[in-house]
Amino acid sequence: MMIRREFLISGSVLAGLSVSTEPGFAQTWSERYRSSKPIEMVKLDLNEMVPGQQLLVKLHSGPVAVRFRTQEEIDQARATSLSELPDRYARNANLPSDAVATDDNRSFGENSQWLVYRPICTHLGVVTLSAHKPFGSEPFLINCPSHGGRYDSAGRVRAGPPRKNLPIPPVRFLSKGIVEIKSHDSFSNERHVRNRHPSDW
């Protein structure tokens, strides 16, 4: 049985990293990840991560999650037909805007093992919970604790009020296990409207 070591990060990961803890209530990203120093780009060494592990980085445009997907997560995402998806667009800043939301267009790496996404629900901007937490009966879903939004292991909408997939920021693999993630202007624009808890809207 594989022992999951979520959020155990090696010292080789560079600035901008945040250890993630799951809140007991819904929070918008600006409430949970305020940063005094804007970070436009971060380089990460992912070589010591294991399947099922996820880390968060804080960029100027908001948090970005990097997940090393398990084979089960990859298989689940690949088995999903585009006809089942509410949003059929990839929402990947590295691809044309009309790219479709296949698992290949939403993941990275030779074996599609990496999912890099903005962990902010596209409904009202609440921070999503990592896969496996806390819904044991839905082990492959990324969940929003506010209004029950559900995203699959490729970050695509599957249930609840959200209508758009979780966006993917500009990502570039520089060498084996070394990734560069940049801030994204369209994410920054949301700071002005998603800066309060949804209950105050």
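The values are calculated or read from the model by the stated rules, or taken from the named source; none is laboratory data. The structure presented is a predicted model; accordingly, all values stated were derived computationally and were not measured. Backbone-built Cβ (ideal geometry, glycine too); neighbour counts: all protein chains shown.
Residue-level check: of (1) in contact (Cβ under 8 Å) with a residue 24 or more places away in the chain; (2) closer than 16 Å to Leu166 by Cα; (3) surrounded by fewer than 16 Cβ atoms within 10 Å (Cβ to Cβ), Asp98 misses just (1). Filtering the range 110-140 to residues that are buried (at least 19 other Cβ atoms within 10 Å of the Cβ), at pLDDT 85 or above and not hydroxyl-bearing (Ser, Thr, Tyr) leaves Trp114, Leu115, Val116, Arg118, Pro119, Ile120, Cys121. Here the range 47-67 is the region considered, the condition is being of a type in the set (D, E, K, R) and within 16 Å of the chain's Cα centre (by Cα), and the residue that is surrounded by the fewest Cβ atoms within 10 Å (Cβ to Cβ) is Lys58. Can we say Leu124 is of a type outside the set (Asp, Glu), assigned to a loop (DSSP other than H, G, I, E, B) and under 12 Å from Pro167 (Cα atoms)? In short, no.
Here is a yes/no grid of residues against (1) modelled with pLDDT of 85 or more; (2) buried (at least 17 other Cβ atoms within 10 Å of the Cβ):
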site: Met1; (1), (2): no, no
site: Arg5; (1), (2): no, no
site: Val13; (1), (2): no, yes
site: Ser35; (1), (2): no, no
site: Arg69; (1), (2): yes, yes
